[in-house]
1. Assign one of three labels to the range 218-362, namely rounded, prolate or oblate, based on the Cα gyration tensor with a ≥ b ≥ c the square roots of its eigenvalues; rounded applies when a/c is under 1.5, prolate when it is not and a/b is larger than b/c, and oblate otherwise.
2. Among S33, S60, P44, pick out the residue whose Cα is farthest towards the positive end of the charge dipole of the range 23-67, where Lys and Arg carry +1 and Asp and Glu carry -1 on C-beta, about the Cα centre.
3. Lysine pairs in the chain with Cα distance under 25 Å, only those 8 or more apart or on different chains: how many are there?
4. Taking all protein chains in place and a 1.4 Å probe, what share, in percent, of the accessible surface of the range 208-338 do carbon and sulfur account for?
5. For the chain, give the share of DSSP beta bridges that are antiparallel, in percent and rounded to the nearest 5; count only bridges with both residues there.
6. To the nearest 20 debye, what charge dipole does the range 1-133 have about its Cα centre, counting +1 at the Cβ of each Lys and Arg and -1 at the Cβ of each Asp and Glu?
7. Charges only on Cβ, +1 for Lys and Arg, -1 for Asp and Glu: so what's the dipole of the range 132-209 about the Cα centre, in debye to the nearest 20?
8. FRET efficiency for L337 and A147, Cβ-Cβ distance as r, R0 = 30 Å, nearest 0.05?
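The values are calculated or read from the model by the stated rules, or taken from the named source; none is laboratory data. Since the model is a prediction, treat every value here as computed from it, not as a measurement. Reconstructed Cβ throughout: ideal geometry from the backbone, glycine too, with neighbour counts over all protein chains shown. SASA here: full protein model, heavy atoms, side chains in, ligands and nucleic acids out. Shrake-Rupley method; radii C 1.70, N 1.55, O 1.52, S 1.80 Å.
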Amino acid sequence: MIGVIMSKIINVGIIGCGEAAQILHIPTLRELSDRFAITALCDPSPTVLKGVGALIPGASLYDDGSSLLDDPSVDAVLVANPNTFHAPTAIEAMQKRKHVLIEKPMCMTLAEAEALAAVEAETGMTVQIGYMRRHAPAFEDAVKIVAGIRDQINFARIHAIIGPNSSFVEPTSSVVRGDDIPQSVIDRTRRDTDAKLIEAIGTSERPRAMVYNLLLGLSSHDISAMRELIGMPKRVLHAGFRRDGMFIAAAFDYGDFICHFETGIDAVARFNAHLEVYTQQKIVRVDYDTPYIRHQPARLTVTTPNTAFGVTSCTGHQTRGDAFVVEWRRFHDAITLGLPAKTTIADARQDLEIFQQMMQEM
(Lines give C-alpha, C1' and ligand atoms only; values in the text may rest on other atoms or scores of the structure.)
Protein backbone atom coordinates (compact mmCIF):
# COMPACT_ATOMS: atom_id res chain seq x y z
CA MET A 1 0.00 0.00 0.00
CA ILE A 2 1.25 3.47 -0.86
CA GLY A 3 2.05 5.51 2.24
CA VAL A 4 2.58 2.59 4.64
CA ILE A 5 4.82 3.65 7.52
CA MET A 6 7.12 1.00 8.89
CA SER A 7 8.10 3.02 11.97
CA LYS A 8 6.24 1.97 15.10
CA ILE A 9 5.40 5.47 16.37
CA ILE A 10 2.98 7.54 14.30
CA ASN A 11 3.26 11.29 14.77
CA VAL A 12 -0.23 12.79 14.94
CA GLY A 13 -1.41 16.33 14.32
CA ILE A 14 -4.81 17.32 15.70
CA ILE A 15 -6.87 19.84 13.75
CA GLY A 16 -9.64 21.04 16.05
CA CYS A 17 -8.85 20.92 19.78
CA GLY A 18 -12.35 21.18 21.17
CA GLU A 19 -14.29 19.04 23.59
CA ALA A 20 -14.05 15.76 21.66
CA ALA A 21 -10.32 16.09 21.09
CA GLN A 22 -9.62 17.00 24.70
CA ILE A 23 -11.83 14.42 26.42
CA LEU A 24 -11.74 11.51 23.98
CA HIS A 25 -8.84 11.54 21.54
CA ILE A 26 -5.93 13.10 23.42
CA PRO A 27 -6.28 10.78 26.46
CA THR A 28 -6.56 7.82 24.08
CA LEU A 29 -3.43 8.80 22.16
CA ARG A 30 -1.56 9.22 25.43
CA GLU A 31 -2.72 5.78 26.52
CA LEU A 32 -1.34 4.44 23.24
CA SER A 33 2.04 6.15 23.59
CA ASP A 34 3.72 3.01 22.27
CA ARG A 35 1.97 3.67 18.94
CA PHE A 36 1.34 7.41 18.69
CA ALA A 37 2.92 10.74 19.59
CA ILE A 38 1.03 14.04 19.41
CA THR A 39 3.43 16.40 17.65
CA ALA A 40 1.18 19.23 16.41
CA LEU A 41 -2.05 20.99 17.39
CA CYS A 42 -4.29 23.40 15.53
CA ASP A 43 -7.23 25.49 16.72
CA PRO A 44 -8.53 28.94 15.76
CA SER A 45 -9.01 29.92 19.42
CA PRO A 46 -5.75 31.24 20.92
CA THR A 47 -7.02 30.34 24.39
CA VAL A 48 -7.79 26.74 23.46
CA LEU A 49 -4.55 26.34 21.51
CA LYS A 50 -2.43 27.69 24.34
CA GLY A 51 -4.30 25.73 27.03
CA VAL A 52 -4.21 22.38 25.23
CA GLY A 53 -0.67 23.02 24.06
CA ALA A 54 0.43 23.43 27.66
CA LEU A 55 -0.75 19.87 28.32
CA ILE A 56 1.35 18.46 25.45
CA PRO A 57 4.87 19.85 25.81
CA GLY A 58 6.84 19.90 22.59
CA ALA A 59 3.85 19.91 20.26
CA SER A 60 3.98 22.55 17.52
CA LEU A 61 1.04 24.97 17.66
CA TYR A 62 -0.84 26.30 14.63
CA ASP A 63 -3.90 28.49 14.17
CA ASP A 64 -4.33 27.32 10.57
CA GLY A 65 -4.89 23.75 9.37
CA SER A 66 -2.88 24.14 6.17
CA SER A 67 0.17 25.18 8.16
CA LEU A 68 -0.10 22.07 10.33
CA LEU A 69 -0.44 19.92 7.22
CA ASP A 70 2.81 21.41 5.91
CA ASP A 71 4.65 20.20 9.04
CA PRO A 72 6.99 17.39 7.89
CA SER A 73 7.02 15.84 11.37
CA VAL A 74 3.31 14.93 11.09
CA ASP A 75 2.51 11.46 9.71
CA ALA A 76 -1.25 11.44 10.31
CA VAL A 77 -3.95 13.89 11.32
CA LEU A 78 -7.14 13.80 13.33
CA VAL A 79 -9.74 15.98 11.60
CA ALA A 80 -11.94 17.25 14.43
CA ASN A 81 -12.81 20.75 13.25
CA PRO A 82 -16.39 21.82 12.35
CA ASN A 83 -18.30 19.44 10.07
CA THR A 84 -18.21 21.75 7.08
CA PHE A 85 -14.40 21.60 7.00
CA HIS A 86 -14.02 17.82 7.39
CA ALA A 87 -13.86 17.02 3.67
CA PRO A 88 -11.61 19.89 2.51
CA THR A 89 -9.22 19.33 5.43
CA ALA A 90 -9.03 15.58 4.80
CA ILE A 91 -8.51 16.10 1.08
CA GLU A 92 -5.67 18.55 1.68
CA ALA A 93 -4.16 16.17 4.23
CA MET A 94 -4.14 13.26 1.77
CA GLN A 95 -2.67 15.45 -0.95
CA LYS A 96 0.12 16.40 1.47
CA ARG A 97 0.81 12.71 2.19
CA LYS A 98 -0.83 12.52 5.61
CA HIS A 99 -2.98 9.62 6.78
CA VAL A 100 -6.34 10.75 8.12
CA LEU A 101 -8.80 9.85 10.86
CA ILE A 102 -11.94 11.94 10.29
CA GLU A 103 -14.30 12.48 13.19
CA LYS A 104 -17.92 11.78 12.30
CA PRO A 105 -19.59 12.86 10.18
CA MET A 106 -17.17 12.22 7.33
CA CYS A 107 -18.65 15.14 5.41
CA MET A 108 -21.94 16.93 4.73
CA THR A 109 -22.72 16.20 1.07
CA LEU A 110 -22.53 13.36 -1.42
CA ALA A 111 -20.34 15.49 -3.69
CA GLU A 112 -17.81 15.76 -0.86
CA ALA A 113 -17.94 11.99 -0.38
CA GLU A 114 -17.15 11.52 -4.05
CA ALA A 115 -14.25 13.97 -3.85
CA LEU A 116 -12.84 12.23 -0.80
CA ALA A 117 -13.01 8.84 -2.51
CA ALA A 118 -11.28 10.20 -5.62
CA VAL A 119 -8.37 11.69 -3.67
CA GLU A 120 -8.06 8.57 -1.55
CA ALA A 121 -7.74 6.47 -4.71
CA GLU A 122 -5.27 8.93 -6.21
CA THR A 123 -2.97 9.20 -3.18
CA GLY A 124 -3.28 5.77 -1.58
CA MET A 125 -3.27 7.31 1.90
CA THR A 126 -5.04 5.58 4.78
CA VAL A 127 -8.39 7.13 5.75
CA GLN A 128 -10.58 5.97 8.63
CA ILE A 129 -13.89 7.48 9.72
CA GLY A 130 -14.44 7.94 13.47
CA TYR A 131 -17.37 5.62 14.13
CA MET A 132 -15.95 4.36 17.41
CA ARG A 133 -19.17 2.50 18.40
CA ARG A 134 -18.50 -0.01 15.63
CA HIS A 135 -15.16 -0.86 17.23
CA ALA A 136 -16.72 -1.76 20.59
CA PRO A 137 -16.10 -5.47 21.33
CA ALA A 138 -19.71 -5.99 22.50
CA PHE A 139 -21.00 -4.61 19.21
CA GLU A 140 -18.66 -6.80 17.18
CA ASP A 141 -19.84 -9.83 19.17
CA ALA A 142 -23.43 -8.86 18.33
CA VAL A 143 -22.55 -8.60 14.63
CA LYS A 144 -21.21 -12.16 14.71
CA ILE A 145 -24.35 -13.48 16.41
CA VAL A 146 -26.75 -11.63 14.11
CA ALA A 147 -24.84 -12.75 11.00
CA GLY A 148 -26.04 -16.29 11.69
CA ILE A 149 -29.70 -15.36 12.18
CA ARG A 150 -30.31 -12.56 9.66
CA ASP A 151 -32.85 -14.66 7.76
CA GLN A 152 -34.82 -15.11 11.01
CA ILE A 153 -35.17 -11.43 11.99
CA ASN A 154 -38.73 -10.34 12.74
CA PHE A 155 -38.05 -6.76 13.81
CA ALA A 156 -35.21 -4.40 14.73
CA ARG A 157 -34.96 -1.14 16.63
CA ILE A 158 -32.34 1.61 16.73
CA HIS A 159 -32.87 3.96 19.67
CA ALA A 160 -30.87 7.00 20.81
CA ILE A 161 -32.50 9.56 23.07
CA ILE A 162 -29.97 11.32 25.24
CA GLY A 163 -29.55 14.25 27.59
CA PRO A 164 -27.16 17.15 27.09
CA ASN A 165 -23.47 16.25 26.86
CA SER A 166 -22.74 18.89 29.49
CA SER A 167 -24.47 16.67 32.06
CA PHE A 168 -21.61 14.20 31.65
CA VAL A 169 -18.74 16.52 30.78
CA GLU A 170 -18.95 19.18 33.48
CA PRO A 171 -18.75 16.87 36.54
CA THR A 172 -16.00 14.66 35.11
CA SER A 173 -13.69 16.67 32.84
CA SER A 174 -11.79 19.93 32.68
CA VAL A 175 -12.15 21.37 29.19
CA VAL A 176 -10.24 24.38 27.89
CA ARG A 177 -12.72 26.68 26.15
CA GLY A 178 -12.22 29.99 24.42
CA ASP A 179 -14.50 32.76 23.21
CA ASP A 180 -11.75 34.31 21.10
CA ILE A 181 -12.22 32.59 17.75
CA PRO A 182 -11.72 35.31 15.11
CA GLN A 183 -14.98 36.63 13.71
CA SER A 184 -13.76 35.91 10.20
CA VAL A 185 -13.50 32.20 11.08
CA ILE A 186 -16.96 32.21 12.65
CA ASP A 187 -18.43 33.90 9.58
CA ARG A 188 -16.70 31.48 7.21
CA THR A 189 -17.90 28.48 9.19
CA ARG A 190 -21.49 29.70 9.14
CA ARG A 191 -21.34 30.60 5.46
CA ASP A 192 -19.81 27.27 4.41
CA THR A 193 -22.19 25.29 6.59
CA ASP A 194 -25.24 27.05 5.18
CA ALA A 195 -24.04 26.51 1.61
CA LYS A 196 -23.58 22.78 2.19
CA LEU A 197 -26.95 22.45 3.90
CA ILE A 198 -28.57 24.09 0.89
CA GLU A 199 -26.67 21.73 -1.42
CA ALA A 200 -27.65 18.66 0.61
CA ILE A 201 -31.27 19.38 1.58
CA GLY A 202 -32.27 22.59 -0.20
CA THR A 203 -32.33 24.88 2.85
CA SER A 204 -30.23 26.13 5.75
CA GLU A 205 -33.27 27.11 7.80
CA ARG A 206 -34.76 25.32 10.79
CA PRO A 207 -36.34 22.90 11.33
CA ARG A 208 -35.00 20.88 8.38
CA ALA A 209 -31.45 22.09 8.94
CA MET A 210 -31.72 20.95 12.56
CA VAL A 211 -32.92 17.53 11.41
CA TYR A 212 -30.04 17.10 8.99
CA ASN A 213 -27.46 18.28 11.53
CA LEU A 214 -28.83 15.79 14.07
CA LEU A 215 -28.59 13.02 11.48
CA LEU A 216 -25.00 13.98 10.67
CA GLY A 217 -24.12 14.16 14.35
CA LEU A 218 -25.67 11.73 16.82
CA SER A 219 -27.49 9.63 14.22
CA SER A 220 -24.43 8.89 12.09
CA HIS A 221 -23.27 6.58 14.88
CA ASP A 222 -26.63 4.79 15.00
CA ILE A 223 -27.21 4.42 11.27
CA SER A 224 -23.63 3.32 10.67
CA ALA A 225 -23.93 0.63 13.36
CA MET A 226 -27.33 -0.42 11.99
CA ARG A 227 -25.81 -1.01 8.57
CA GLU A 228 -23.06 -3.23 9.92
CA LEU A 229 -25.43 -5.15 12.19
CA ILE A 230 -28.30 -5.85 9.77
CA GLY A 231 -27.19 -4.48 6.40
CA MET A 232 -28.31 -1.67 4.13
CA PRO A 233 -32.10 -1.17 4.06
CA LYS A 234 -34.00 -1.54 0.80
CA ARG A 235 -35.73 1.81 1.27
CA VAL A 236 -37.07 4.30 3.78
CA LEU A 237 -40.75 3.51 4.41
CA HIS A 238 -41.42 6.76 6.24
CA ALA A 239 -39.61 9.44 8.24
CA GLY A 240 -40.75 12.39 10.25
CA PHE A 241 -39.69 14.91 12.88
CA ARG A 242 -41.22 16.94 15.68
CA ARG A 243 -40.14 19.58 18.24
CA ASP A 244 -38.42 21.80 15.69
CA GLY A 245 -36.29 18.91 14.44
CA MET A 246 -35.04 17.73 17.82
CA PHE A 247 -36.84 14.37 17.60
CA ILE A 248 -36.81 12.10 14.56
CA ALA A 249 -38.46 8.77 13.78
CA ALA A 250 -38.16 6.57 10.71
CA ALA A 251 -38.92 3.07 9.48
CA PHE A 252 -36.56 1.16 7.20
CA ASP A 253 -37.73 -1.63 4.91
CA TYR A 254 -35.55 -4.75 5.00
CA GLY A 255 -37.93 -6.88 2.99
CA ASP A 256 -38.71 -9.57 5.56
CA PHE A 257 -38.76 -7.13 8.49
CA ILE A 258 -38.91 -3.46 9.45
CA CYS A 259 -36.30 -1.59 11.48
CA HIS A 260 -37.63 1.31 13.52
CA PHE A 261 -35.32 4.24 14.20
CA GLU A 262 -35.90 6.89 16.86
CA THR A 263 -33.65 9.64 18.16
CA GLY A 264 -33.77 12.90 20.08
CA ILE A 265 -32.12 15.15 22.63
CA ASP A 266 -33.84 16.27 25.83
CA ALA A 267 -32.85 17.70 29.23
CA VAL A 268 -32.75 14.43 31.21
CA ALA A 269 -29.21 13.60 32.33
CA ARG A 270 -28.87 10.10 30.90
CA PHE A 271 -27.58 8.39 27.77
CA ASN A 272 -30.02 5.87 26.31
CA ALA A 273 -28.66 4.40 23.10
CA HIS A 274 -29.18 0.82 21.99
CA LEU A 275 -29.73 -1.49 19.05
CA GLU A 276 -32.06 -4.50 19.23
CA VAL A 277 -32.69 -7.40 16.87
CA TYR A 278 -35.67 -9.72 17.44
CA THR A 279 -36.07 -13.25 16.12
CA GLN A 280 -38.59 -15.88 17.17
CA GLN A 281 -36.18 -17.41 19.68
CA LYS A 282 -33.58 -14.75 20.42
CA ILE A 283 -33.25 -11.03 21.19
CA VAL A 284 -29.83 -9.46 20.66
CA ARG A 285 -29.26 -6.03 22.16
CA VAL A 286 -26.26 -3.68 22.42
CA ASP A 287 -26.36 -0.77 24.89
CA TYR A 288 -24.01 2.19 24.75
CA ASP A 289 -23.22 4.72 27.48
CA THR A 290 -21.92 8.25 27.00
CA PRO A 291 -18.45 8.33 25.42
CA TYR A 292 -17.62 11.47 27.42
CA ILE A 293 -16.83 9.34 30.47
CA ARG A 294 -14.09 7.02 29.27
CA HIS A 295 -13.89 3.26 29.66
CA GLN A 296 -17.62 2.64 29.95
CA PRO A 297 -18.00 -0.44 27.80
CA ALA A 298 -20.84 -1.21 25.44
CA ARG A 299 -22.90 -4.11 26.80
CA LEU A 300 -24.25 -7.09 24.88
CA THR A 301 -27.45 -8.75 26.10
CA VAL A 302 -28.81 -11.96 24.58
CA THR A 303 -32.28 -13.07 25.68
CA THR A 304 -33.65 -16.54 24.92
CA PRO A 305 -36.65 -18.61 26.10
CA ASN A 306 -36.41 -20.45 29.41
CA THR A 307 -39.15 -23.10 29.23
CA ALA A 308 -42.57 -21.83 28.10
CA PHE A 309 -42.89 -19.48 31.06
CA GLY A 310 -39.84 -17.23 31.19
CA VAL A 311 -36.60 -16.07 29.68
CA THR A 312 -32.87 -16.23 30.28
CA SER A 313 -30.85 -13.07 29.69
CA CYS A 314 -27.08 -12.88 29.63
CA THR A 315 -25.42 -9.43 29.74
CA GLY A 316 -21.72 -8.75 29.54
CA HIS A 317 -18.74 -7.25 27.77
CA GLN A 318 -15.32 -8.54 26.82
CA THR A 319 -13.37 -5.66 28.31
CA ARG A 320 -13.63 -2.29 29.97
CA GLY A 321 -11.25 -0.96 27.35
CA ASP A 322 -12.56 2.12 25.57
CA ALA A 323 -13.84 1.83 21.99
CA PHE A 324 -11.72 4.85 21.03
CA VAL A 325 -8.65 2.85 22.03
CA VAL A 326 -9.65 0.01 19.70
CA GLU A 327 -10.38 2.53 16.95
CA TRP A 328 -6.96 4.17 17.18
CA ARG A 329 -5.17 0.81 17.42
CA ARG A 330 -6.81 -0.25 14.18
CA PHE A 331 -5.85 3.03 12.55
CA HIS A 332 -2.25 2.31 13.55
CA ASP A 333 -2.47 -1.19 12.09
CA ALA A 334 -3.92 0.17 8.85
CA ILE A 335 -1.02 2.61 8.49
CA THR A 336 1.86 0.41 9.64
CA LEU A 337 0.71 -3.00 8.41
CA GLY A 338 -1.42 -2.00 5.45
CA LEU A 339 -4.51 -3.65 6.91
CA PRO A 340 -7.87 -2.41 5.58
CA ALA A 341 -9.67 0.20 7.64
CA LYS A 342 -13.02 -0.93 8.99
CA THR A 343 -14.90 2.35 8.65
CA THR A 344 -13.97 3.67 5.22
CA ILE A 345 -14.97 6.53 2.95
CA ALA A 346 -17.06 4.19 0.81
CA ASP A 347 -18.74 2.80 3.91
CA ALA A 348 -19.56 6.22 5.39
CA ARG A 349 -21.02 7.41 2.09
CA GLN A 350 -23.89 4.97 2.64
CA ASP A 351 -24.98 6.95 5.71
CA LEU A 352 -25.33 10.07 3.56
CA GLU A 353 -27.39 8.10 1.05
CA ILE A 354 -29.78 7.00 3.82
CA PHE A 355 -29.97 10.54 5.23
CA GLN A 356 -30.89 11.85 1.79
CA GLN A 357 -33.69 9.31 1.49
CA MET A 358 -34.94 10.19 4.99
CA MET A 359 -34.99 13.91 4.22
CA GLN A 360 -36.98 13.25 1.03
CA GLU A 361 -39.66 11.48 3.11
CA MET A 362 -40.01 14.35 5.60
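1. Values: a/c = 1.40, a/b = 1.04, b/c = 1.35.
Cα axes put the range 218-362 in the rounded bin.
2. It is S33.
3. Close lysine pairs found across the chain: 17.
4. Numbers: 2970 of 5630 Å².
Within the range 208-338, the accessible surface is 53 percent carbon and sulfur.
5. On the way: 40 of 69 bridges.
Restricted to the chain, the bridges split so that about 60 percent are antiparallel.
6. Numbers: 9 positive and 15 negative charges, 78 e Å.
It works out to roughly 380 debye.
7. Numbers: 12 positive and 11 negative charges, 54 e Å.
Magnitude of the dipole: close to 260 debye.
8. Numbers: r = 25 Å, r/R0 = 0.83.
Calculated transfer efficiency: 0.75.
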